[in-house]
Amino acid sequence: MDIIKKREEKVKLGEIDNYGTDFLGLLLQAYHDVDENRRILVEDLIDECKTFYIVGQEPINSLLSWTVLLLAIHTDWQEKAREEVIELFGHQNPHPDDLSKLNIVTMIINEALRLYPPAVGFPRKCDSEVRLGKFILPANIHLFISNLVAHHDPGIWGDDAHLFNPERFSGGVAKATSNNVAAYFPFGFGPRTCVGFNFATMGAKIVLMMILQRYRFTLSPAYVHSPVVHFVLYPQHGIQVILHSLKSEEGPS
Ligand code: HEM
């Protein structure tokens, strides 16, 4: 509330002439909208801030944790990813405009999201009776649509569904799912699909690349595999890896 009040105060005192063009600014404009029908309540404003604060961090932390685990085990893919990053960016910080050039890193992120989707599913309610394949779903039924289940279905992904194989995404999602793209939905689908999709994948790629530029990592014997769902899918006991600085490997410079 402090941040909100400070911004409102600045507008009141004429220090700034609008609430700002960032997300909070847009929410504040909606809260102060002169048109009653468009105006939002202070509770809505606070709820939106809470939602973005939580969903803006936890799922990305989850994605990065599982990706680091997978690459600590599959060091061949870690090496391939590092080669790609060094070739594209050298030791410079990656620039968001160049992320579309990434191939291997994108395949790895896709595969990590398949095996360990941070949001393992989402609830839906049928407004009216609907046919879903051979099922008739009655009105008002509550459903939990699990991407975790779909992402591990050998009928879609093949016998290696449970294995880490980023190569399956080399031709994109359509090829990986044999043109059944709805079978892969780490960010949901339809009108309520994740609004943070681009931000999340961009952030995760940048952090991963910055780690790859600086460290080789292997799995610590202390690691105990125990994925649990508590809002997101996270490693209950953390992910212990051993970092090897690439600077020290290169020798003194
Ligand atoms: C790896 C990271 C993320 C994953 C896997 C993820 C996944 C999801 C999923 C599965 C949904 C439900 C979609 C549906 O009901 O169809 C969702 C909704 C949402 N996500 Fe994300 N998310 C991630 C990051 C983010 C970030 C960074 C933000 C914001 C900065 C964000 C904001 C939202 C919001 C606001 C919704 C609700 C959309 C609505 O109900 O209209 N997410 N996300």
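The values are calculated or read from the model by the stated rules, or taken from the named source; none is laboratory data. A quick note: this is a predicted structure, and the numbers were derived from the prediction, not measured. Using ideal geometry, Cβ is built from the backbone for each residue, glycine included, and neighbour counts are taken over all protein chains shown. Areas reflect the complete protein model, heavy atoms only, side chains present, ligands, DNA and RNA absent. Shrake-Rupley method; radii C 1.70, N 1.55, O 1.52, S 1.80 Å.
In contact (Cβ under 8 Å) with a residue 60 or more places away in the chain and open to solvent by 60 Å² or more (accessible area, probe 1.4 Å), is that true of Val241? Here the answer is no, as Val241 does not meet what is asked.
Condition first: within 14 Å of the ligand (Cβ to nearest atom) and under 20 Å from Ile211 (Cβ atoms). Can you find one or more residues in the range 91-107 that meet it?
Yes, the range 91-107 has at least one match.
Within the option set Ile16, Ile3, being out of contact with any Cys (no Cβ under 8 Å at 6 or more places or on another chain) and open to solvent by 80 Å² or more (accessible area, probe 1.4 Å) holds for one residue only, Ile3.
Name every residue in the range 117-144 that is without any contact (Cβ under 8 Å) to a residue 40 or more places away in the chain, open to solvent by less than 70 Å² (accessible area, probe 1.4 Å) and within 11 Å of the ligand (Cβ to nearest atom), in order of residue number. Across the range 117-144, the qualifying residue is only Gly121. Selection over the range 59-89 of residues that are out of contact with any helix residue (DSSP H, G or I) (no Cβ under 8 Å at 6 or more places or on another chain) and either open to solvent by less than 10 Å² (accessible area, probe 1.4 Å) or at pLDDT below 95 (or both) gives a count of 2.
In summary, strands (runs of 3 or more DSSP E) completely within the range 144-253 and bearing 2 or more residues that are β-branched (Val, Ile, Thr) occur at 227-230, 241-245.
Note on the range 158-178: residues that are at positive phi and in contact (Cβ under 8 Å) with a residue 12 or more places away in the chain amount to 1.
Only one of the numbered conditions (1) touching a strand residue (DSSP E or B) at 6+ places or on another chain (Cβ under 9 Å); (2) more than 16 Å from the ligand (Cβ to nearest atom); (3) not charged (D, E, K, R) is not met by Ile156, and that is (1).
Of the residues in the range 170-208, how many are within 16 Å of the ligand (Cβ to nearest atom) and closer than 21 Å to Lys80 by Cα? Total satisfying the criteria: 9. Restricting attention to the range 90-116 and to residues that are of a type in the set (Gly, Ala, Ser) and more than 18 Å from Tyr184 (Cα to Cα), the residue that is most open to solvent (accessible area, probe 1.4 Å) turns out to be Ser100.
Among residues of the range 209-219 being touching a strand residue (DSSP E or B) at 6+ places or on another chain (Cβ under 8 Å) and open to solvent by 20 Å² or more (accessible area, probe 1.4 Å), the one that is nearest to the ligand (Cβ to nearest atom) is Ile211. Considering the range 145-155, the residues that are free of Cβ contacts under 8 Å to residues at least 60 places away in the same chain, open to solvent by less than 90 Å² (accessible area, probe 1.4 Å) and among the aliphatic types (A, V, I, L, M) include one that is nearest to Phe189 (Cα to Cα), namely Ile145. Within the range 188-206, does at least one residue satisfy the condition of being open to solvent by 80 Å² or more (accessible area, probe 1.4 Å), of a type in the set (D, E, K, R) and modelled with pLDDT under 95? For the range 188-206, residues open to solvent by 80 Å² or more (accessible area, probe 1.4 Å), of a type in the set (D, E, K, R) and modelled with pLDDT under 95: present. Taking residues in the range 179-195 that are free of Cβ contacts under 8 Å to residues at least 40 places away in the same chain and farther than 12 Å from Arg124 by Cα, and partners anywhere that are surrounded by 15 or more Cβ atoms within 10 Å (Cβ to Cβ) and among the β-branched types (Val, Ile, Thr), the pairs with Cβ atoms closer than 7 Å and at least 6 places apart or on different chains are Asn180/Ile156; Val181/Val173; Ala183/Ile156; Ala183/Thr177.
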